[in-house]
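Participant: What follows is a structure written as structure tokens; I'll ask about it next.
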Amino acid sequence: MAQSIKNFIRKTYSYLAEKRKFSRRESTEYLHVKNQYDSDDEGIVYPSEAMQRQSDGVPVEDGQENEKKSEKTSVLQAAWNILNLIQGTGTLGVPFAVMQGGYMSLVAIVVISVITNYTGKLIIGCLYEKPFDDQQERGVRLRNSYASIGQTCWKKYGSAVVYAAQVMQLSCACVLYLLLVADFFNDLFQHHSLSYSMWTVIAGGLLLPCVFLNQLKRISWLSMFSVVALVMVFASVIGYGVTKRYTWDFKLGVTTLQGFPVAWGIILFSFVCHPYLPGIEETMDKPEEFNSVMNYSFLGSALIKLVYGFIAVLTFKDQTQQEISENLPAGALQNTANCLLGLNGMFSYALPLFTLITIVHKAQITCVPSCFPDEKHPLTIKERILIYSLRSTFVVFTVIIAVLLPQFSLLMAVIGSVSGVMLTLVFPCLFDVILHLEHISTRRYVINLLIVCVGVLSGGFGLVFSLIAIMKVYIK
């Protein structure tokens with residue numbers, strides 16, 4: 001049955017494949033930011049093009065070659081980058097997910113880590129002309145980003161659909177960081193009469209200067225501090241839980257119909273890193289080691305989530321809060337954890353904001369000028385005012401969302417059930433089938449379709465039950 005369905009789809013796409021041949025041949029010669037097939041930029045050489053020139057035997061100047069080598073990352077650096085992406089703020093919601101889903105949520109952590117690891121590799125495979133063989137030999141790299149893969153598969157709206165999912169995911173990340181900062185101030189000045197909503201507005205005002213950051217190097221330093229703060233919070237929760245090990249209660253329950261879909265969405269949100277993987281793989285000095293890097297990174301992240309979530313729920317039981325710092329005993333430990341989470345939010349907010357600005361810049365929207373000033377496209381004073389005003393408007397938008405929906409983990413569940421499902425489960429498998437239908441095995445074809453079905457069903461159930469949980473919070 002599966003073989004017959006596959007043969008039918010192969011015939012359906014055969015005509016489109018023939019039409020794509022010429023476009024693919026052109027794309028190996030030039031990759032552009034605006035569009036894979038038509039762009040106004042001339043004379044721009046991207047890493048993918050340079051790689052292709054080297055494979056064709058075209059000499060590269062020594063200066064350019066040395067510069068490219070200095071920009072390459074080692075295997076350990078790549079593993080660190082991926083681990084940071086999937087071990088970020090989303091992991092803070094894992095204890096609440098385990099409390100909601102019971103022991104089945106621990107199984108979900110393992111299952112989701114395996115599936116997202118697999119689909120992450122599919123995304124990298126879709127950047128190339130054909131899937132990797134058993135020796136992991138790589139052919140011609142035709143694409144350079146997640147959005148360009150979508151553009152190749154669905155020429156009219158492909159990149160827009162992928163960008164929309166990325167914008168939703170990144171916007172949610174900004175809101176979560178804003179909530180962490182607001183919670184920090186709310187706990188620090190709990191004896192004052194200001195409401196939580198007012199602290200959220202104040203936090204938005206403090207984060208407003210992030211709109212003036214135009215260089216990733218400066219943001220990288222902020223992100224490094226945020227990772228350190230987050231690791232210290234994990235260590236604090238695990239350490240406190242171990243000291244209370246004699247009070248642990250292993251009666252978590254298997255799962256509940258309403259709790260498990262919420263837990264699935266939160267856990268899935270914590271494993272989203274796929275939009276960043278093409279850039280990480282492209283800058284590796286040994287890209288053939290990418291699959292091994294993915295395996296070790298996802299294994300490490302799954303183990304940390306299992307230990308952190310399980311110990312937290314054994315310690316705090318059914319009183320586990322959406323922000324785990326609220327469960328720590330009042331005093332120095334809780335204040336320190338809240339301070340670290342507040343610093344994490346302050347230092348992390350700039351990165352998703354910068355990534356959103358980059359997406360808008362690459363989309364080249366007609367009514368929006370270039371988002372980054374450079375020598376080739378200097379911005380006028382009017383354009384600068386417009387750009388920074390638009391960035392400030394987005395910060396105000398995140399403040400409004402945070403005020404209206406201050407539910408930390410439940411917000412993760414909603415976004416994880418929509419954009420998380422699209423970016424990690426549905427899109428990678430569909431793109432792999434569309435681009436590599438002639439090359440993949442029937443077994444891989446069936447696995448891809450099963451993952452798509454699981455993604456659609458879990459996303460639908462997760463969204464419904466997450467919204468129900470949010471409504472229950474407001475009703476109370």
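Participant: For the stretch 343-385, how many residues meet the condition of being hydroxyl-bearing (Ser, Thr, Tyr) and either modelled with pLDDT of 80 or more or under 23 Å from Met224 (Cα atoms) (or both)?
Facilitator: At the first step, the residues of the stretch 343-385 found to be hydroxyl-bearing (Ser, Thr, Tyr) are 348-349, 355, 358, 366, 370, 380.
Subset that is either modelled with pLDDT of 80 or more or under 23 Å from Met224 (Cα atoms) (or both): 348-349, 355, 358.
Total meeting the criteria: 4.
Participant: While we're on this one: Would you tally the residues in the stretch 431-448 being touching a Cys at 6+ places or on another chain (Cβ under 7 Å) and under 25 Å from Gly265 (Cβ atoms)? Please lay out each step first, then the result.
Facilitator: Kept after step one, since they are touching a Cys at 6+ places or on another chain (Cβ under 7 Å), are these residues of the stretch 431-448: 431-432, 434-435, 448.
From what is left, the residues that are under 25 Å from Gly265 (Cβ atoms) are 431-432, 448.
Total meeting the criteria: 3.
Participant: Same structure again: If the requirement is being open to solvent by less than 10 Å² (accessible area, probe 1.4 Å), touching a residue at least 24 places away in the same chain (Cβ under 8 Å) and under 25 Å from the mean Cα position of the chain (by Cα), which of these qualifies: Val272, Val262?
Facilitator: Val262
Participant: Being of a type outside the set (Val, Ile, Thr), under 22 Å from Met422 (Cα atoms) and either open to solvent by less than 40 Å² (accessible area, probe 1.4 Å) or free of Cβ contacts under 8 Å to residues at least 40 places away in the same chain (or both): is that true of Met284 here? Walk me through how you get there before you give the answer.
Facilitator: Working: of a type outside the set (Val, Ile, Thr): yes; under 22 Å from Met422 (Cα atoms): no; either open to solvent by less than 40 Å² (accessible area, probe 1.4 Å) or free of Cβ contacts under 8 Å to residues at least 40 places away in the same chain (or both): yes.
Criteria not met by Met284.
Residues are listed down the side, and each one gets a yes or a no for (1) at pLDDT 80 or above; (2) surrounded by fewer than 21 Cβ atoms within 10 Å (Cβ to Cβ):
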| residue | (1), (2) |
| --- | --- |
| Arg24 | no, yes |
| Tyr37 | no, yes |
| Glu67 | no, yes |
| Ala78 | yes, no |
| Gln87 | no, no |
| Ser105 | yes, no |
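Participant: Go through Tyr157, Tyr128 for me and flag whichever is at pLDDT below 90 and touching a Lys or Arg at 6+ places or on another chain (Cβ under 8 Å). First the steps, then the outcome.
Facilitator: On the way: Tyr157 fails: touching a Lys or Arg at 6+ places or on another chain (Cβ under 8 Å).
Exactly one residue qualifies, and that residue is Tyr128.
Participant: Same structure again: Does Cys126 fit the bill of being out of contact with any strand residue (DSSP E or B) (no Cβ under 8 Å at 6 or more places or on another chain), more than 30 Å from Met346 (Cα to Cα) and buried (at least 19 other Cβ atoms within 10 Å of the Cβ)?
Facilitator: Working: out of contact with any strand residue (DSSP E or B) (no Cβ under 8 Å at 6 or more places or on another chain): yes; more than 30 Å from Met346 (Cα to Cα): yes; buried (at least 19 other Cβ atoms within 10 Å of the Cβ): yes.
It is true that Cys126 is out of contact with any strand residue (DSSP E or B) (no Cβ under 8 Å at 6 or more places or on another chain), more than 30 Å from Met346 (Cα to Cα) and buried (at least 19 other Cβ atoms within 10 Å of the Cβ).
Participant: Out of all the residues in the stretch 334-349, which are open to solvent by 50 Å² or more (accessible area, probe 1.4 Å) and either free of Cβ contacts under 8 Å to residues at least 40 places away in the same chain or aromatic (Phe, Trp, Tyr) (or both)?
Facilitator: Across the stretch 334-349, the qualifying residue is only Phe347.
Participant: Residues in the stretch 150-192 that are more than 20 Å from Ser417 (Cα to Cα) and polar (S, T, N, Q): how many?
Facilitator: Count: 5.
Participant: Something else: Could you grab me the full set of residues in the stretch 383-409 that are farther than 15 Å from Leu356 by Cα, assigned to a helix (DSSP H, G or I) and open to solvent by 30 Å² or more (accessible area, probe 1.4 Å)? Outline the logic, then answer.
Facilitator: Looking only at the stretch 383-409, we keep the residues that are farther than 15 Å from Leu356 by Cα, and these are 383-386, 399-409.
Restricting the remaining residues to those that are assigned to a helix (DSSP H, G or I) gives 383-386, 399-404, 408-409.
Answer for the stretch 383-409, where residues must be farther than 15 Å from Leu356 by Cα, assigned to a helix (DSSP H, G or I) and open to solvent by 30 Å² or more (accessible area, probe 1.4 Å): Glu383, Arg384, Ile385, Leu386, Ile400, Ile401, Val403, Leu404.
Participant: Only one residue in Gly309, Gly331, Gly300 is farther than 25 Å from Leu188 by Cα and either surrounded by fewer than 21 Cβ atoms within 10 Å (Cβ to Cβ) or modelled with pLDDT under 80 (or both). Which one? Give the steps one after another, and end with the answer.
Facilitator: Values: Gly309 fails: either surrounded by fewer than 21 Cβ atoms within 10 Å (Cβ to Cβ) or modelled with pLDDT under 80 (or both); Gly331 fails: farther than 25 Å from Leu188 by Cα.
The unique qualifying residue is Gly300.
Participant: Would you confirm, using the coordinates I've provided, whether Pro278 is touching a residue at least 60 places away in the same chain (Cβ under 8 Å) and open to solvent by 10 Å² or more (accessible area, probe 1.4 Å)?
Facilitator: no
The values are calculated or read from the model by the stated rules, or taken from the named source; none is laboratory data. Note that the structure is predicted; figures quoted are calculated from it, not measured. Heads up, the Cβs are rebuilt from the backbone with ideal geometry, glycines too, and the neighbour counts pull from every protein chain shown. These area figures cover heavy atoms from the full protein model, side chains too; ligands, DNA and RNA do not enter into them. Shrake-Rupley method; radii C 1.70, N 1.55, O 1.52, S 1.80 Å.
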